[in-house]
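**Student:** I'd like to ask some things about the structure below.
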Amino acid sequence: MQIIGLCRFSYPALGGFQVGHKTVEDRIAYLYSDSRLEERFRLFETVALPCLKAQTDPDFELIIVVGATLPQHHLDRLHDITAALPQVRIQAEGPRQHREVMKEVLNSARDRSLPCLQFRFDDDDAVAVDFIERLRNASDDCFALTQQHRTVAFDWNRGLIAEYGPGGIAATEVFRPFDVAAMAMYVRPRCPLTIMNYAHNKINRFMPTVSFDTKHMFVRGHNASNDSRQKGEPPADVIPLTPEGEEMFRTRFAIDANAVREIFSKGPRE
C-alpha cells in the first residue's frame, strides 16, 4: 500500500485559486512577494512540517510542488527546512492547469500495481501525529468496501482553526466534514483517478465515504495569505491557548507554541 501526500507550495497554477489574477505574471508576483513567502515559510516550518516528522507511521511520501521559477534562494530554503524529512520530494513545474498538473504528479509517483492512499496537505495546516497510522488502519478495516469500489474517501472531521503570531497560538475547535485537512482517498490498483479529480467538499457525491469523529485530527491555519481570506472570509473566533491547550498542540500535532512565538517575533530572515 502506497501512501502519498501532495502539497502545493506557492505553485503558480492556472486556476486553483479563489483569488483571480489577470496574467500568470501577476499571480507569480503575488505568490513570490517577500512578505507573503516569509509568512508561508514560517508556517510551514513551525506548523506543517513538525507533525509530519512526528508521524507514528513514517511509511508515506510527500510531494511538494513548486513553480519552476521559484527564486533559487527560496528553493534552497525549502530544501533546508525539509532536509530532516526523508519522505519529502520537491518537484518543480511550470504554470499549467491546476488539477491537470496535480493529477499527473500523483500518478507519476504511483506504483500502479499497488493500491494507493492519497491526501492533500496545505503548507499552513497540520494533521495529528497518528494520521497516517489511522489512515492505514481505516483502509484495512474497510477492506470489503475498497474491494468493491475503485475509490473510497476517508474523512476525519473534528479539528481546530488556529492563528499564529508573536504571542503564540490562538485557536477554536471546529467540525468540518470533507475539508482538505485529515481527508484521504483510497485508489485501487491500475485506476488512474486521484484525489485531485474531485473538489474536496464534494467528494462524497462520487464515491463511498467513511467518516470518523476522532477529536483533534487537524489544525487549519488562518492567516493573512489564506486564499479564502482574500475573498472576504470572516475572521475565525479564536482565543489564546491555555497552557493545557499548548500541551495538547505539542503532543497531538507536534506544534511548539514557544517555537511559534520565537519565529514570529523575528524580523524577515533573522
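Read the figures in this text as sums done on the coordinates, not as results from a lab. All values reported here derive from a predicted model rather than from experimental measurement. Every residue, glycine as well, gets a Cβ built from its backbone with ideal geometry; the counts of neighbours run over all protein chains shown.
**Student:** Given only helices, namely DSSP H runs of n ≥ 4 each adding -39500 (n - 2.57), what is the per-residue ellipticity at 222 nm of the chain, to the nearest 500 deg cm²/dmol?
**Tutor:** Values: 9 runs with 82 residues, N = 270.
Roughly -8500 deg cm²/dmol at 222 nm, from the helical runs in the chain.
**Student:** Lys and Arg at +1, Asp and Glu at -1: add these up for the other residues within a Cβ distance under 10 Å of TYR198 and post the number.
**Tutor:** +3
**Student:** What would the Debye equation give as log₁₀ I(q)/I(0) for the chain at q = 0.09, 0.15, 0.17 Å⁻¹, counting only Cα atoms as equal point scatterers?
**Tutor:** Treating every Cα as an identical point scatterer, log10 I(q)/I(0) equals -0.39, -1.17, -1.52.
**Student:** When only Cα pairs under 8 Å and 6 or more residues apart are kept, what is the percent relative contact order across the chain?
**Tutor:** Relative contact order of the chain: 25 percent.
**Student:** Kindly rank 148-155, 34-41 from highest to lowest mean number of other beta carbons found within 10 Å of each residue.
**Tutor:** On the way: 148-155: 18.0, 34-41: 16.5.
Ranked from most to least packed, the peptides come out as 148-155, 34-41.
**Student:** Further question on the same structure: Can you compute the radius of gyration and Dmax for segment 38-140, using only the Cα atoms, both in Å?
**Tutor:** Cα radius of gyration and Dmax of segment 38-140 are 14.4, 43 Å respectively.
**Student:** Sum up the charges of everything whose Cβ sits under 15 Å from the Cβ of ASP111, counting Lys and Arg as +1 and Asp and Glu as -1, but leave ASP111 out.
**Tutor:** With Lys, Arg at +1 and Asp, Glu at -1, the neighbours total +3.
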